[in-house]
């Protein structure tokens, strides 16, 4: 895939990555150089040190065999503790021990940066709890698990981008700061430059937001959907991929105040097309991770969730079940299962219902469609029954709702009626314009990217799959 | 590049894109269907209408030849004004007129959504000023110019992602909300959920931010660099690509309050490696756009900047000049040119100096390196002369500074001294940790993505290359 000569320089001039060295493309017998950090060092009685060097390029470190005959063995090699940075040169040789197929017979070791006071190094070689690691979020990518999360995150994100771009979608950077709270989706973060010690006031004594930076009260976005719709009605196929915010005081393993969301929007499309797109994207992205992150997934499969690879393989190969909400209610009522929240037509499905449906009933991902209109947003398309809307949720075993989407209401008169019911009359004139000028059936969905990454890695807490999590009382680093 | 069967459905089931139809892969004589919006309609006296249909997939619309013998010619085709949405079916035939090689001989026209009150349609067929179009940002992607910007923006973004990911970089989503103003880079937007009508107070009467959502005063990020450094010192090669914010009251063609920034960070790298990376990335991305956006660039070259393609080709093919700041000052002093801001060693280069250097002296992109330490940030690596730091700016003709970067100060004692000079002692303990635990030489830079897109399209105003620009007094849509 590397197509320009200038790209080569990093690999050749700065370093040969551990991934390249372990990948089999460098001939045994070559003189090589590796730059990275010591994962472990073991000193044998025979006067040889075994130094495992890690550079983040793949899951495994490469082992360097360092003889005590090196000039700086006592002064430098003996100070190369876990976390120290080193440059090691030598010959790539077939490995004598178990594990990797090759190792480096070191002829030169340069200690670049030692670990000051190695006894107190916050992530010294031992197991740490994920909770502890959150307190050293700046150092935790040096651990096996967070390093693996980082690589899978990159592959998953890039796969989603390429899925869309290669299919002709346009990536739209919808705004982060917005003066309209369109959806009323939970509580909002206000964005302001007003001097809080000396707030400007109107004649009535209210805070005078006309003096604020944007001339009116402004917030962090909860969704790029409405903006994406404007672009879909010009470019046909678009998506957003950016940060999104909820000022909810949630202290769960599934909620972040700041998270990344993927929101495609397609024109001339109905709910069925939308479900096909969601399924196609999820299956493609999972397949890409299975193909490209074998080592990292192997680690998660061993240490975090022993059914992970089997589950992901299933998702990538099996068509998703699709069940209308009304049928799902019937199925739940006839299940014989006693739920904490009673089941009846009209309720919003609770987590226990969603999980039973995908984990017990379908035993795989399922798309629930056509929800009661009263529990869904004003912009979702009213079905002919007058009671339900063309909405969908994609539920996945082990995690529940992973995608929410809908066909949008493209009929101006119906939209106006729904907006009136929702107390939104007179607002969002620009959004109404999209129905006045060449309206078309269109649909889209939102994928919480971090939650999807939880699903793909088997990691339990969403705070461990985003580099620097933002939650109530936590915006450090 | 499409590698999973489920991906095909969009093209085959929803629509055949205009790009595909005009691209030559569909045989003349095929029955085709196109879905899109009417760009223009011309009715001939001979009883034939020529309808140009656009769907955003490429610059050109496809022409449909519609005979007045169709049943719904009077009722529907005659109402298909500019902006109306249509589905047209018919035979793909060789074009009789000039322009496109193929057109559709229509046998069926479906009017999906008309334009209500066509006389007042905000972007009716005529030329509009860019300033006017900013007022209808939800409709402007339907125009030639903003549609072209949208496609180039997608290709440019995706090229940058793939440049990094294919070379083994990890994409790090650094936080948007942060409790630390590390750089003091301009004014900040505060993020808060406090009730401004009823602010909590400390005993001293100050606003009590410990009751705010994050437990302390928090802001929108001005850069992900410091966070990216933490990841580079574990993963070796990382980058960020996300929104960034400046609460500056700037009303220029080059400033946005919310813009997208690309920030790579590489370990075991010096300033020279950093400049190579910047040059490699810029040249790769420009080459990709030249290859993939021929039609859109052709439009910009014709309508906006007649030297555009020549200039971009030059950038993609010619190595960048590199000049140390001290030499650049000499060159400016000897230029004989009279500048508004006097030139002397120690000044921050002004726009007029930068532009003269790249436009008049080098006549191409130039990297200026090793600036005086007093005009640069504390984290930039002090050179051996004790006066300059290993900083760089990449300047491009017509736009000035497009990239700013530096080798980072990796020596703890020097960093501490620089932080003390900057009044930052005792702060950023986590950032100091990176120098205590396995520090390595490392470097990185920041690219203002929207400004780069200005450069690549020739568009004059940065407000016209981002979908919904945020500037003082403007956060609508």
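The values are calculated or read from the model by the stated rules, or taken from the named source; none is laboratory data. What you are looking at is a predicted structure, and each value in this text was computed from that prediction instead of being measured. Methodologically, a virtual Cβ is constructed for each residue, glycine included, from the backbone with ideal geometry; neighbour enumeration extends over all protein chains shown.
Computed quantities for the displayed model
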read-out	value
Test for residue B:204: is it more than 9 Å from every other protein chain (Cβ to nearest Cβ), at pLDDT below 95, farther than 28 Å from residue B:474 by Cβ and part of a loop (DSSP other than H, G, I, E, B)	yes
Residue A:244, sole failed condition from (1) within 19 Å of the chain's Cα centre (by Cα); (2) surrounded by fewer than 23 Cβ atoms within 10 Å (Cβ to Cβ); (3) without any contact (Cβ under 8 Å) to a residue 60 or more places away in the chain	(2)
Residue check for residue A:446: modelled with pLDDT under 95 and assigned by the TED database to the domain that holds residue A:180	no
Verdict on residue A:262 being buried (at least 16 other Cβ atoms within 10 Å of the Cβ), within 30 Å of residue B:37 (Cβ to Cβ) and more than 12 Å from every other protein chain (Cβ to nearest Cβ)	yes
Residues of the range A:127-148 that turn out to be without any contact (Cβ under 8 Å) to a residue 24 or more places away in the chain and either in contact with a helix residue (DSSP H, G or I) (Cβ under 7 Å, 6 or more places away or on another chain) or within 12 Å of chain B (Cβ to nearest Cβ) (or both), as a count	5
Residue satisfying all of: in the range A:463-477; touching a strand residue (DSSP E or B) at 6+ places or on another chain (Cβ under 8 Å) and modelled with pLDDT under 95; farthest from the other protein chains (Cβ to nearest Cβ) among these	A:477
Residues within the range B:308-320 that are free of Cβ contacts under 8 Å to residues at least 40 places away in the same chain and farther than 14 Å from residue B:454 by Cα, tallied	4
Residues of the range A:16-47 satisfying the condition of being without any contact (Cβ under 8 Å) to a residue 60 or more places away in the chain and within 19 Å of residue A:295 (Cβ to Cβ)	A:16, A:17, A:18, A:19, A:20, A:23, A:25, A:36
Residue in the range B:319-331 that is at pLDDT below 95, on the phi < 0 side of the Ramachandran plot and surrounded by fewer than 20 Cβ atoms within 10 Å (Cβ to Cβ) present	yes
Index of the failed condition, residue B:409 passing every other in (1) surrounded by 22 or more Cβ atoms within 10 Å (Cβ to Cβ); (2) within 30 Å of residue B:235 (Cβ to Cβ); (3) touching a strand residue (DSSP E or B) at 6+ places or on another chain (Cβ under 6 Å)	(3)
Selection from the range A:328-351 of residues that are over 30 Å from residue A:417 (Cβ atoms) and out of contact with any strand residue (DSSP E or B) (no Cβ under 9 Å at 6 or more places or on another chain)	A:332, A:333, A:334, A:335, A:336, A:337, A:338, A:339, A:340, A:341, A:342
Considering residues of the range B:12-21 that are closer than 20 Å to residue B:296 by Cβ and surrounded by fewer than 21 Cβ atoms within 10 Å (Cβ to Cβ) only, the residue farthest from the other protein chains (Cβ to nearest Cβ)	B:20
Residue within the range A:250-259 that is in a strand (DSSP E or B) and either more than 8 Å from every other protein chain (Cβ to nearest Cβ) or under 19 Å from residue A:381 (Cα atoms) (or both) present	yes
Residue ranges of strands (runs of 3 or more DSSP E) in the range A:28-111 with at least 3 members away from chain B (no Cβ under 14 Å) and in contact with a helix residue (DSSP H, G or I) (Cβ under 6 Å, 6 or more places away or on another chain)	none
Among (1) in contact with a helix residue (DSSP H, G or I) (Cβ under 8 Å, 6 or more places away or on another chain); (2) more than 30 Å from residue A:465 (Cβ to Cβ); (3) at the interface with chain A (Cβ under 7 Å from one of its Cβ atoms); (4) surrounded by fewer than 22 Cβ atoms within 10 Å (Cβ to Cβ) - the single one residue B:196 does not satisfy	(1)
Selection from the range B:230-278 of residues that are closer than 15 Å to residue A:150 by Cβ and out of contact with any helix residue (DSSP H, G or I) (no Cβ under 8 Å at 6 or more places or on another chain)	B:232, B:236
Some residue of the range A:176-185 being within 10 Å of chain B (Cβ to nearest Cβ), in contact with a helix residue (DSSP H, G or I) (Cβ under 7 Å, 6 or more places away or on another chain), crowded, with 22+ Cβ neighbours inside 10 Å and not in a loop (DSSP other than H, G, I, E, B)	no
Members of the range A:93-121 found to be over 29 Å from residue A:24 (Cα atoms), surrounded by fewer than 17 Cβ atoms within 10 Å (Cβ to Cβ) and in contact with a strand residue (DSSP E or B) (Cβ under 8 Å, 6 or more places away or on another chain), listed by number	A:116
Residue check, residue A:218 touching a residue at least 24 places away in the same chain (Cβ under 8 Å), within 7 Å of another protein chain (Cβ to nearest Cβ), crowded, with 20+ Cβ neighbours inside 10 Å and over 22 Å from residue A:276 (Cβ atoms)	yes
Failed item, numbered, when residue B:460 is tested on (1) surrounded by fewer than 22 Cβ atoms within 10 Å (Cβ to Cβ); (2) over 19 Å from the mean Cα position of the chain (by Cα); (3) outside any helix (DSSP H, G or I); (4) away from every other protein chain (no Cβ under 14 Å)	(2)
Some residue of the range B:263-272 being at positive phi, touching a strand residue (DSSP E or B) at 6+ places or on another chain (Cβ under 8 Å) and in the same structural domain as residue B:387 (by the TED database)	yes
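For every residue, the table says whether it meets (1) surrounded by 16 or more Cβ atoms within 10 Å (Cβ to Cβ); (2) modelled with pLDDT under 95; (3) assigned to a helix (DSSP H, G or I); (4) not assigned by the TED database to the domain that holds residue B:456.
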| site | (1), (2), (3), (4) |
| --- | --- |
| B:124 | no, yes, no, yes |
| B:127 | no, yes, no, yes |
| B:131 | no, no, yes, yes |
| B:149 | yes, no, yes, no |
| B:152 | yes, no, yes, no |
